[in-house]
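These notes are about the structure you will find just below.
The values are calculated or read from the model by the stated rules, or taken from the named source; none is laboratory data. These numbers were taken from a predicted model, which means no experiment stands behind them. FYI the Cβ positions are ideal-geometry reconstructions off the backbone, even for glycines, and counts take in every protein chain you see.
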Amino acid sequence: MLLIDYNLAPTFEPQQELRKGTEFWLHKLDTREENTSMNRRDFPEDFVFGTATSSYQIEGHGLGGAGPCHWDSFSSTPGNVVRLENGARACEHYLRYREDLDLVAEVGCSAYRFSTSWARVMPEGKGKVNTAGLDFYDRLVDEMCARNLQPWWTLYHWELPSALADNGGWANRDTALRLADFAHVMADRIGDRVHAAAPINEPWCVAWLSHYLGHHAPGLKDIRMATRAMHHVLLAHGLVIEAWRGQGLENLGAVFNFEKANPGTNDDVEAAKEYDGIYNRWFMEAVAKGQYPADILAGLEPHMPNNWADDMSIIAQPVDWVGVNYYTGKRLTRGVSGTFGDIAELPPHPPVTAMEWEICADWLEEFLLRVDLAFDGSVPIYVTENGMASHSGTDDLDRIEYLKQHFKAARSAIDKGVDLRGYFVWSLMDNYEWSLGYDKRFGLVHVDFETMERTPKASYHWLQALLKN
Ligand code: FCB
């Protein structure tokens with residue numbers, strides 16, 4: 001049994017100098033090379049390797065008759081997004097998807113994780129359908145199949161149609177019902193060919209990051225709106241699973257993101273536990289067990305929608321697989337107000353990525369074990385996102401090292417009995433990194449955002465050699 005010990009060796013050193021970027025990281029590369037060589041045969045033959053992307057981050061939301069979404073307005077409000085950048089053009093994947101799918105196939109992947117833009121297909125969020133949008137996803141899935149790539153479909157990766165945002169967005173229960181309608185329309189068109197599907201990417205980001213921390217659209221900082229979103233996004237998950245099963249779809253999953261919650265100092269154990277509860281336990285336990293963690297519910301209950309408990313059986317319908325998105329962990333301390341949810345971040349320990357996200361592959365292994373435990377070892381698990389932002393251009397040795405270490409952690413989880421079946425690297429190509437704009441490059445493939453030229457990086461060639469070996 002895996003015990004989560006929040007007291008484990010807090011290593012906070014207030015005066016520690018933060019060393020960022022490639023120089024520090026490459027130093028580690030030299031010393032670790034021996035231990036981290038990887039081979040395709042380290043993983044089972046039917047293990048799925050893929051790359052992941054999302055619609056708003058790559059397609060070009062200004063193309064093809066998509067309706068406005070809340071990222072368009074959030075990004076045009078000063079202070080929200082670096083240089084007011086938006087996804088109007090992004091990587092022009094809407095026009096270049098064939099070339100992009102060639103890159104996925106040529107690297108040796110057997111799967112591609114993509115998402116469908118709600119506002120592209122239903123510009124008003126409900127009712128009238130934009131035929132060009134539906135046709136696009138139909139072609140996209142056909143082109144995946146033509147390249148022997150399993151289509152791994154995420155229904156909603158964050159671009160809420162503005163018309164629904166105007167109605168209260170995720171704070172409004174109706175949005176969950178409307179997502180189920182969208183799910184139905186989409187599945188009617190592509191459900192016959194998708195290999196696996198999940199309703200929502202990262203419910204924590206949809207709810208807490210966007211309605212309490214205010215970092216993502218709609219940029220709210222409101223505990224009541226956040227609490228409602230925390231519940232409605234899960235209700236949406238359940239309603240979509242129900243709709244899809246009714247349509248005969250199979251292989252339906254849930255994709256959560258996880259972040260290691262480290263106490264910044266010995267006094268911060270409670271703060272870290274609360275962070276862990278809001279981030280890592282709330283969504284997973286609702287789906288796995290049909291209940292919310294009591295310590296977090298105690299903080300949120302005053303703001304929960306009426307009769308929320310009646311929804312728990314919809315939320316907790318069995319899933320066929322669970323997706324783990326993992327990048328990093330945080331060093332935490334109680335915020336100055338001392339109130340529930342007010343948790344501050346202390347500086348990360350090096351090495352860090354270009355996002356200043358602390359790098360620690362062991363935490364990936366820990367989460368794979370935790371998820372396995374939460375679902376009683378009964379559900380296959382996939383790493384649905386993992387990767388790093390780097391400033392090292394096409395010579396991204398740091399990303400190679402990062403991936404090696406995380407692949408190794410995944411292998412180690414398998415050795416410990418986790419039914420891990422696949423791994424999707426975030427991301428296929430550099431793209432729109434939400435409120436951080438186009439500076440944070442996560443791609444295996446470099447994108448010149450002026451010319452739209454795609455150039456495979458060293459990490460792409462490394463992965464290709466690994467997969468074709
Ligand atoms: C995840 C998101 C994805 C991307 C990566 C870096 O949380 O799902 O869209 O932004 O982080």
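Listed by first and then second residue, the pairs with beta-carbon distance under 6 Å, at least 6 apart or on different chains, first residue in the stretch 343-355 and touching a residue at least 40 places away in the same chain (Cβ under 8 Å), second surrounded by 20 or more Cβ atoms within 10 Å (Cβ to Cβ) and of a type in the set (Asp, Glu), are Pro348/Glu358; His349/Glu358; Val352/Glu358.
Selection within the stretch 412-456: residues that are aromatic (Phe, Trp, Tyr) and within 22 Å of Glu45 (Cα to Cα). The member of this set that is farthest from the chain's Cα centre (by Cα) is Tyr423. Within the stretch 118-141, does at least one residue satisfy the condition of being part of a helix (DSSP H, G or I), of a type in the set (S, T, N, Q) and surrounded by 15 or more Cβ atoms within 10 Å (Cβ to Cβ)? There is no residue in the stretch 118-141 that is part of a helix (DSSP H, G or I), of a type in the set (S, T, N, Q) and surrounded by 15 or more Cβ atoms within 10 Å (Cβ to Cβ). Selection of the stretch 427-448 for residues being without any contact (Cβ under 8 Å) to a residue 60 or more places away in the chain and either surrounded by fewer than 24 Cβ atoms within 10 Å (Cβ to Cβ) or among the aromatic types (Phe, Trp, Tyr) (or both) yields Phe442, His446, Asp448. All of (1) closer than 30 Å to Val425 by Cβ; (2) touching a strand residue (DSSP E or B) at 6+ places or on another chain (Cβ under 8 Å) hold for Ile315 with one exception: (2). Scanning the stretch 241-262 for residues that are in a loop (DSSP other than H, G, I, E, B) and within 19 Å of Phe375 (Cβ to Cβ), which turns out farthest from the ligand (Cβ to nearest atom)? Checked the stretch 241-262; the qualifying residue farthest from the ligand (Cβ to nearest atom) is Glu250.
Answer yes or no: is there a residue in the stretch 97-106 that is in contact with a strand residue (DSSP E or B) (Cβ under 8 Å, 6 or more places away or on another chain), modelled with pLDDT of 95 or more, in a loop (DSSP other than H, G, I, E, B) and not basic (Lys, Arg). Within the stretch 97-106, none of the residues are in contact with a strand residue (DSSP E or B) (Cβ under 8 Å, 6 or more places away or on another chain), modelled with pLDDT of 95 or more, in a loop (DSSP other than H, G, I, E, B) and not basic (Lys, Arg). Of note, Arg189 satisfies the criterion of being outside any strand (DSSP E or B), in contact with a Leu (Cβ under 6 Å, 6 or more places away or on another chain) and either free of Cβ contacts under 8 Å to residues at least 60 places away in the same chain or among the acidic types (Asp, Glu) (or both).
Take Ser313 and tell me if it is more than 16 Å from the ligand (Cβ to nearest atom), among the polar types (S, T, N, Q) and part of a helix (DSSP H, G or I). In short, yes. The residues listed here are Leu213, Leu209; of these, the one that is within 16 Å of the ligand (Cβ to nearest atom) and in a helix (DSSP H, G or I) is Leu209. In the stretch 316-359, the qualifying residues are those that are part of a loop (DSSP other than H, G, I, E, B) and within 16 Å of the ligand (Cβ to nearest atom), and the one that is farthest from Asn386 (Cα to Cα) is Pro348. A count restricted to the stretch 42-90 and to residues that are acidic (Asp, Glu) and either touching a Cys at 6+ places or on another chain (Cβ under 8 Å) or without any contact (Cβ under 8 Å) to a residue 40 or more places away in the chain (or both) stands at 2. If the condition is being within 13 Å of the ligand (Cβ to nearest atom) and touching a Ser or Thr at 6+ places or on another chain (Cβ under 6 Å), then the stretch 388-398 contributes Met388, Ala389. Residues that are free of Cβ contacts under 8 Å to residues at least 60 places away in the same chain and outside any helix (DSSP H, G or I) were ranked within the stretch 150-178; the one that is surrounded by the most Cβ atoms within 10 Å (Cβ to Cβ) is Trp153. In the stretch 412-445, of all residues being assigned to a strand (DSSP E or B) and within 16 Å of the ligand (Cβ to nearest atom), the one that is nearest to Arg89 (Cα to Cα) corresponds to Met429. Here Arg228 fulfils each of the conditions (1) within 16 Å of the ligand (Cβ to nearest atom); (2) of a type outside the set (Gly, Ala, Ser); (3) touching a Pro at 6+ places or on another chain (Cβ under 6 Å) apart from (1).
Restricting attention to the stretch 100-147, the residues that are free of Cβ contacts under 8 Å to residues at least 40 places away in the same chain and not aliphatic (A, V, I, L, M) add up to 4. Taking (1) under 27 Å from Lys457 (Cα atoms); (2) within 15 Å of the ligand (Cβ to nearest atom) in turn, Ala409 satisfies each apart from (2). The set of residues in the stretch 55-91 being of a type in the set (Phe, Trp, Tyr) and either at pLDDT below 95 or closer than 19 Å to Phe136 by Cβ (or both) consists of Tyr56, Trp71. Within the stretch 384-399, being outside any loop (DSSP other than H, G, I, E, B) and out of contact with any strand residue (DSSP E or B) (no Cβ under 6 Å at 6 or more places or on another chain) holds for Leu397, Asp398, Arg399. Applying a threshold of 6 Å to beta carbon distances and a minimum spacing of six or more residues, or different chains, the list of pairs starting in the stretch 361-379 at a residue that is more than 25 Å from Pro350 (Cα to Cα) and ending at one that is among the β-branched types (Val, Ile, Thr) and part of a loop (DSSP other than H, G, I, E, B) reads Asp372/Val418.
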